1. Take the residues in the stretch 147-158 that are loosely packed, with under 15 Cβ neighbours inside 10 Å and not β-branched (Val, Ile, Thr), then tell me which one is farthest from Val284 (Cα to Cα).
2. Please work out if Leu331 is out of contact with any helix residue (DSSP H, G or I) (no Cβ under 7 Å at 6 or more places or on another chain), under 24 Å from Tyr219 (Cβ atoms) and of a type outside the set (Asp, Glu).
3. Just give me the residues in the stretch 336-386 being part of a strand (DSSP E or B) and touching a Lys or Arg at 6+ places or on another chain (Cβ under 7 Å), in sequence order.
4. Which number in (1) within 27 Å of Thr478 (Cα to Cα); (2) in contact (Cβ under 8 Å) with a residue 40 or more places away in the chain; (3) of a type in the set (D, E, K, R) marks the one condition that Lys315 misses?
5. For the list (1) free of Cβ contacts under 8 Å to residues at least 60 places away in the same chain; (2) within 24 Å of the chain's Cα centre (by Cα); (3) buried (at least 20 other Cβ atoms within 10 Å of the Cβ), I need the number of the one condition that Lys426 fails.
6. Residues Ala285, Ala292, Ala261: which one is within 26 Å of Ala182 (Cα to Cα) and crowded, with 23+ Cβ neighbours inside 10 Å?
7. Select from the stretch 452-500 the residues that are surrounded by fewer than 15 Cβ atoms within 10 Å (Cβ to Cβ), in the same structural domain as His376 (by TED's automatic domain parsing) and closer than 23 Å to Thr277 by Cα and write down the one among them that is farthest from the chain's Cα centre (by Cα).
Amino acid sequence: MAVQDAVIDEAPHQSVRERAPLTDERTEPRAHWCHLWPEVTCCPKVEQTQDTRRCPTELGLTSVMALRSTVCRLLVRPQRCAFLSASRAQGTTAPAAQGSVKIEQKSKAPKVQFNWRDALDLEGQLTEEEIMIRDSFRTYCQEKLMPRILMANRNEVFDREILSEMGEMGVLGPTIKDYGCAGTTYVAYGLIAREVERVDSGYRSVMSVQSSLVMHPIYSYGTEEQKQKYLPKLARGEILGCFGLTEPNHGSDPGSMETRAKYNPSSRTYTLSGSKTWITNSPVADVAVVWAKCDDGKVRGFILERGMKGLSTPKIEGKFSLRASATGMILMDEVEVPEENLLPKVSGLGGPFGCLNNARYGIAWGALGAAEFCFHTARQYTLDRLQFGVPLARNQLMQKKMADMLTEITVGLQSCLQLGRLMDKKKAAPEMISMLKRNSCGKALDVARQARDMLGGNGIADEYHVIRHVLNLEAVNTYEGTHDIHALILGRAITGLQSFTVDK
């Protein structure tokens, strides 16, 4: 670099053609620099003046060499070069960059605290109306139902007054619009089911049957006269309903039902004969929605009323599950049912399955409410219980179990919320409901069993309520589609192959 600068200074009037190429062991000929800088144009023509003769190329090369000298000075101070490059890349000067860092530090968001009671912020995803409905019903359940449940379960007694109280709260048939019903979202319905089953699955079963299996078919498949006659009273809890589909010989295979409905043209009535079993509410119900196979082989629904000749509803004794609700049979010995009691807007198994899907959705939410109670009880118990001088909750095994409980409950609730939103938009497929009914019941039963184990010997005492939830969830995991039947429903959707029977 020094050699080239000296030559230019010592011979300012010498043309490029008269000089020897300026090269040494460190540099290349000057001519090789011309193509690196577009603004330097090589020109063979010499420009002459009184004092000097210089080529435009020579003038350009002088500027080039000065620029090269500056670059070399930067290279011997790489930190400054890198600093300038970083500043230019940011589009600002160094002081401005420092200032931006300070601004970012000032606006740093506070650390988010983990809330184990609501691990994925379900609360923040609900509307104000949904929160209000949930909170008011939670208060009712804890203040009115919880004090009753211990003795109701011990004595296997259903308190009919509960239905009237629920009617006053507006939680019966809550998604139905008009006819005295609240017309809430399906998410709100799920939240209601969750709160009541936090207390007991039997109470939730009573509510689900009334809302989803009795009011829903009348609203969806009935005439306007039927809606006006039954729905307002059912919504207020003045009358109680039940749903008859399962038979002694046919549970998961309702298409093979033996109950028959024979039409009588002369009297315009149907004669129903057959039996239904494991029917929630039947011993105390005022009306029953019963499904029977007609002369044409199609399954149809009928509204039966207590007092009809040939109709009886004996109670099933000796239950160890759902003891706070009444369970029985529906026996029909040539019961004459008026033609106007037929649900005319549906035929085939799509009718009862539509009802079951509605109820299964509520079960998916409700089972998680029972699981939450067991989880919270086990957590508090292990925090309070001292063994070997420390709380049980300090034990790694206990913490691992609680982590599993929290995860399953949280994931389940988020799934139920999404399903509820889809149902509100009428975008929910039956398989979605089967998937979550199956998942919620299975996981809730696992949580309840783990909680019972964590309570040790106290886990089987009903005053802690956990063993009651365990026994209840055994039934919930079975009714309205068993755990395995829902797996086959999903398997059919996945593969396109029917696996319920071997000959189809």
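The values are calculated or read from the model by the stated rules, or taken from the named source; none is laboratory data. The model shown is predicted, which means the values in this text are computed figures rather than measured ones. Please note: Cβ atoms are built from the backbone with ideal geometry, for glycine as well, and neighbour counts cover all protein chains shown.
1. At the first step, the residues of the stretch 147-158 found to be loosely packed, with under 15 Cβ neighbours inside 10 Å are 147, 151, 154-155, 157.
Filter once more, keeping what is not β-branched (Val, Ile, Thr): 147, 151, 154-155.
Working: Pro147: 22, Met151: 19, Arg154: 19, Asn155: 16 Å.
Applying the filter and picking the extreme gives Pro147.
2. Numbers: out of contact with any helix residue (DSSP H, G or I) (no Cβ under 7 Å at 6 or more places or on another chain): yes; under 24 Å from Tyr219 (Cβ atoms): no; of a type outside the set (Asp, Glu): yes.
No: the conditions fail for Leu331.
3. Glu336, Leu342
4. Of everything listed in (1) within 27 Å of Thr478 (Cα to Cα); (2) in contact (Cβ under 8 Å) with a residue 40 or more places away in the chain; (3) of a type in the set (D, E, K, R), Lys315 misses just condition (2).
5. (3)
6. Step by step, each of Ala285, Ala292, Ala261 is checked, and only Ala285 is within 26 Å of Ala182 (Cα to Cα) and crowded, with 23+ Cβ neighbours inside 10 Å.
7. Per the criteria, the residue is Asp484.
Conditions (1) within 25 Å of the chain's Cα centre (by Cα); (2) over 30 Å from Ala461 (Cβ atoms), marked per residue:
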{"site": "Asp135", "(1), (2)": "yes, yes"}
{"site": "Cys141", "(1), (2)": "yes, no"}
{"site": "Asn153", "(1), (2)": "no, no"}
{"site": "Glu156", "(1), (2)": "no, no"}
{"site": "Leu163", "(1), (2)": "no, no"}
{"site": "Lys177", "(1), (2)": "yes, yes"}
{"site": "Val196", "(1), (2)": "yes, no"}
{"site": "Asp200", "(1), (2)": "yes, no"}
{"site": "Met215", "(1), (2)": "no, yes"}
